[in-house]
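Notes follow once the structure below has been shown.
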Amino acid sequence: MLDFISRKFEEGGPEIMASITFVLFLSIVIIIERAYRYFLQYDLANSSGFMAAIQKMVMNNSIENAIRLCKKARPKLLPFVMSEGLKRANDSTEEIEHSLDTAALTAVPKLTKILPFLGTTANVATLLGLLGTLFGLMKSFGAAAKLTGSAKATALAAGIAEALTATSFGLGTALMCLLAYGILSLKQSAIVDDINKNVARLIDLLYTRKMKIKGNTTSGGSFDAD
């Protein structure tokens, strides 16, 4: 395997192949880091069950228990956003919305950072592969101008091999980056959509709770007057 890799590096041109390898390594690091964040650290897999528990606590007026449940689920992003809204449960609806919007604006950049750089690495890998193609063709045409006979044919073959090896390695790296970018982007969008959906749900829950408390207070006051 090492002999095969070494031979391919020589065929594709050491400088270009090393450059593409660096881009590949950088891309893999980004992919692993983002995948860990999205699938293990930030995403709440059972968000529907979590929100059902929050709803039950809110409607039972157990806001402190709901906040504690959110804190236990950190560093998941949805519980973080929910806890910021729950802390303002007794404030006005506008203040609750502002608190949730601020929390969401804090959480979402954690999802969106770094990932777009995969698009850059894909482009760079492609361009490096094309640069390797040009170097290989330059070597081939240079050999064709200087050599004759079997030496000319050998030099031409070496130049074409360099061009094809560099191009295939660059395009392969770019394809991997684009595929990973697409998968991670879908996961990122799913987490953001989950947060936005449940922010609206929590606002509705807290408003309903407030109206319920207000109704009970009004009913109690009427009863006392009678």
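The values are calculated or read from the model by the stated rules, or taken from the named source; none is laboratory data. What you are looking at is a predicted structure, and each value in this text was computed from that prediction instead of being measured. Positions of Cβ are generated from backbone atoms using ideal geometry, with glycine treated the same way; all protein chains shown enter the neighbour counts.
Identify, from the list Leu86, Leu128, Leu77, the residue that is within 18 Å of the chain's Cα centre (by Cα) and crowded, with 21+ Cβ neighbours inside 10 Å.
That would be Leu77, the only listed residue that is within 18 Å of the chain's Cα centre (by Cα) and crowded, with 21+ Cβ neighbours inside 10 Å.
Within the range 53-72, which residues are surrounded by 19 or more Cβ atoms within 10 Å (Cβ to Cβ) and within 24 Å of the chain's Cα centre (by Cα)?
Cys70
Consider Leu44 against the criteria (1) touching a residue at least 60 places away in the same chain (Cβ under 8 Å); (2) assigned to a helix (DSSP H, G or I); (3) under 23 Å from Lys113 (Cα atoms): it satisfies all of them except one. Which criterion is unmet?
(2)
In the range 176-194, what count of residues is obtained for those that are farther than 18 Å from Val29 by Cβ and not hydroxyl-bearing (Ser, Thr, Tyr)?
Going through the range 176-194 one residue at a time, the tally reaches 7.
Answer yes if at least one residue in the range 26-35 is closer than 19 Å to Thr208 by Cα, out of contact with any Gly (no Cβ under 7 Å at 6 or more places or on another chain) and either surrounded by 14 or more Cβ atoms within 10 Å (Cβ to Cβ) or not hydroxyl-bearing (Ser, Thr, Tyr) (or both), and no otherwise.
Scanning the range 26-35 turns up no residue that is closer than 19 Å to Thr208 by Cα, out of contact with any Gly (no Cβ under 7 Å at 6 or more places or on another chain) and either surrounded by 14 or more Cβ atoms within 10 Å (Cβ to Cβ) or not hydroxyl-bearing (Ser, Thr, Tyr) (or both).
Quick check on my filter: what residues within the range 80-120 are in a helix (DSSP H, G or I), closer than 20 Å to Ile183 by Cβ and among the charged types (D, E, K, R)?
Lys110
I'd like the residue in the range 165-222 that is more than 29 Å from Asp43 (Cβ to Cβ) and of a type in the set (D, E, K, R) and, out of all such residues, is surrounded by the most Cβ atoms within 10 Å (Cβ to Cβ).
The qualifying residue surrounded by the most Cβ atoms within 10 Å (Cβ to Cβ) is Lys210.
From (1) modelled with pLDDT of 90 or more; (2) of a type outside the set (Val, Ile, Thr); (3) over 30 Å from Phe22 (Cβ atoms), pick out the condition that doesn't hold for Lys146.
Failing condition for Lys146: (1).
Would you confirm whether or not the range 70-79 contains a residue that is in contact with a Cys (Cβ under 7 Å, 6 or more places away or on another chain) and part of a helix (DSSP H, G or I)?
Within the range 70-79 (the criterion being in contact with a Cys (Cβ under 7 Å, 6 or more places away or on another chain) and part of a helix (DSSP H, G or I)), the answer is yes, since at least one residue qualifies.
For residues that are at pLDDT below 95, in contact with an Asp or Glu (Cβ under 9 Å, 6 or more places away or on another chain) and either under 18 Å from Thr120 (Cβ atoms) or not aliphatic (A, V, I, L, M) (or both), tally how many sit in the range 162-193.
Result for the range 162-193: 2.
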